[in-house]
Structures are given as structure tokens and as C-alpha cells.
1. Select from TYR56, TYR18, TYR105 the residue whose mean-square fluctuation is largest in a Gaussian network model of the chain (Cα-Cα springs shorter than 10 Å).
2. Given that just one value was derived from the coordinates, which of (i) 36, 34, 29; (ii) 43, 29, 29; (iii) 53, 25, 23 is Cα extents along the principal axes in Å?
3. Too long at a 27 Å Cα-Cα cut-off: which of LYS27/LYS119; LYS23/LYS68; LYS23/LYS94; LYS68/LYS119; LYS23/LYS101; LYS68/LYS103?
4. List the residues, sorted by chain then number, that are 5 or more residues from MET113 or on another chain and whose placed amide H is less than 5 Å from its amide H.
5. Taking R0 as 25 Å, what's the FRET efficiency between GLU24 and ALA116 from their Cβ-Cβ distance, rounded to 0.05?
6. Specify the angular offset, from 0 to 90 degrees and rounded to the nearest 10, of the alpha carbon long axis of helix 56-67 from the longest principal axis of the alpha carbons in the chain.
7. Angle, helix 74-88 long axis vs. longest principal axis of the chain, Cα atoms, 0 to 90°, nearest 10?
8. I need the calculated FRET efficiency for the pair ILE50 and THR76, taking r as the beta carbon distance and R₀ as 30 Å, to the nearest 0.05.
Amino acid sequence: MSNNIMTIQLNNVQFYGYHGLYKEEQKVGNNFIVNLSIEFIPTAQKITSISETIDYVQVYHLVNTRMKIPTPLLETIVGDIADSIFEKFSIAQKVNIQITKEKVYIHTLNGNMSVAISKTRAPF
């Protein structure tokens, strides 16, 4: 067993979805950008197999599946994604996720908004 902590990241992954509380968001949709990092302890000192690490393709599929489900609050989505990562990958120790909504339907706001979570695996 390794003492090293490694990190896998998905950076600026874009999705289109219908998340939001307001009817305009649910009807028109929005662009969302996901940034995610997973800290983990590899199962080997020298990683030579995908089974000894976290497969970012599987992480992407988890995120992609969840982003397809319209949800009023991004807070719900970041929590669900973190939980699904801990369920899928037993070596995951900490998950950081940020989801940015590119357009905010407030006429006087020129910018975007984000929701983030940092979640650590509960000890046994």
C-alpha cells in the first residue's frame, strides 16, 4: 500500500442542462462547467494498471449521467456526484466539485455563479 496521495481532475467539462429553480432556466436551459478533483491513495507504490488508480473515464460517466437529470439546486447535484464517487471508488478519500452556471437570469448581474462542495470520506 502506498503512502502517496494522488489527485485525478476533470477540468472545465461542459454540459448543457435544465437545472434551476426558475421556469426560464427549466425551459431554456443553460451551459454548466464542472471542475472536479478526487484525492486518493493508490493501491500500489508504482501504478501500472488502471485498477490501481481512479479511472477518469468512469468519473466522467458518473458526472455525465447526473448532469442529464434536471434538478432545481446545484447544491443537490454536487452532493450526489460526490456520494456516487465514494460509492464507486473505495480508494477515494476527498472529492472537490464546482459547478458553474454560465448565465444567470438576473438582468443586472453581469457574470456567472457557482456552487462547490469539498467532501471527505467518513472514517470506518
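Coordinate-derived values only; no laboratory data. The structure displayed is predicted, hence computed values, not measured ones. Backbone-built Cβ (ideal geometry, glycine too); neighbour counts: all protein chains shown.
1. TYR105
2. Working out Cα extents along the principal axes in Å from the coordinates points to (iii).
3. Violating the 27 Å Cα-Cα cut-off are LYS27/LYS119; LYS23/LYS94.
4. For MET113, the qualifying residues are LYS101.
5. 0.55
6. Rounded to the nearest ten degrees, it is 30.
7. Between helix and principal axis, roughly 20 degrees.
8. With R0 = 30 Å, the Cβ-Cβ based efficiency is 0.50.
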